[in-house]
Amino acid sequence: MEQAHNFVKKTKERLENYSELKYIFSMFKREHNNSNEVYGKVILLLKDHLNLLEEFKVLLEQLSYC
């Protein structure tokens, strides 16, 4: 989970609209939205931050193995 913590920290530092990312994740958790829908929203949000987007993809892969 350290990678998830590091991802959140980097995102807070680099993303002006971090609150939107937080909102997307909270809606996923609360309403059990489709994971593909959430993934699509995150991709749009991080489209100008390719390094964060890559990190997000790796993190998702690792979480899917847990």
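Derivation of every value follows stated rules applied to the coordinates shown; laboratory data play no part. As the structure is a prediction and not an experimental result, all values here were calculated from the model. We place every Cβ from the backbone using ideal geometry, glycine too, and count neighbours over all the protein chains shown.
The residues packed around residue 40, meaning those with a beta-carbon under 14 Å from its beta-carbon, carry a net charge of +1 if Lys and Arg are +1 and Asp and Glu are -1. Based on C-alpha pairs under 8 angstrom that are at least 6 apart in sequence, the chain has a relative contact order of 34 percent.
Charges were assigned to the Cβ only: +1 to each Lys and Arg, -1 to each Asp and Glu. The resulting dipole of region 1-50 about its Cα centre is roughly 100 debye. Our Cα-only numbers for the chain put the radius of gyration and Dmax at 11.3, 31 Å. Which parts of region 1-39 would a label at residue 48 reach, counting a residue when its backbone N lies under 13 Å from a point 7 Å out along Cα-to-Cβ? Those under the cut-off are 14-18.
Subtract the Cα-Cα distance of residue 58 and residue 5 from 0.36 nm times their separation in residues, and report this length gain in nm to one decimal. Write out the running numbers ahead of the final one.
Working: separation 53, 0.36 × 53 = 19.08 nm, distance 1.35 nm.
Stretched out fully, the residue 58 to residue 5 stretch lengthens by 17.7 nm.
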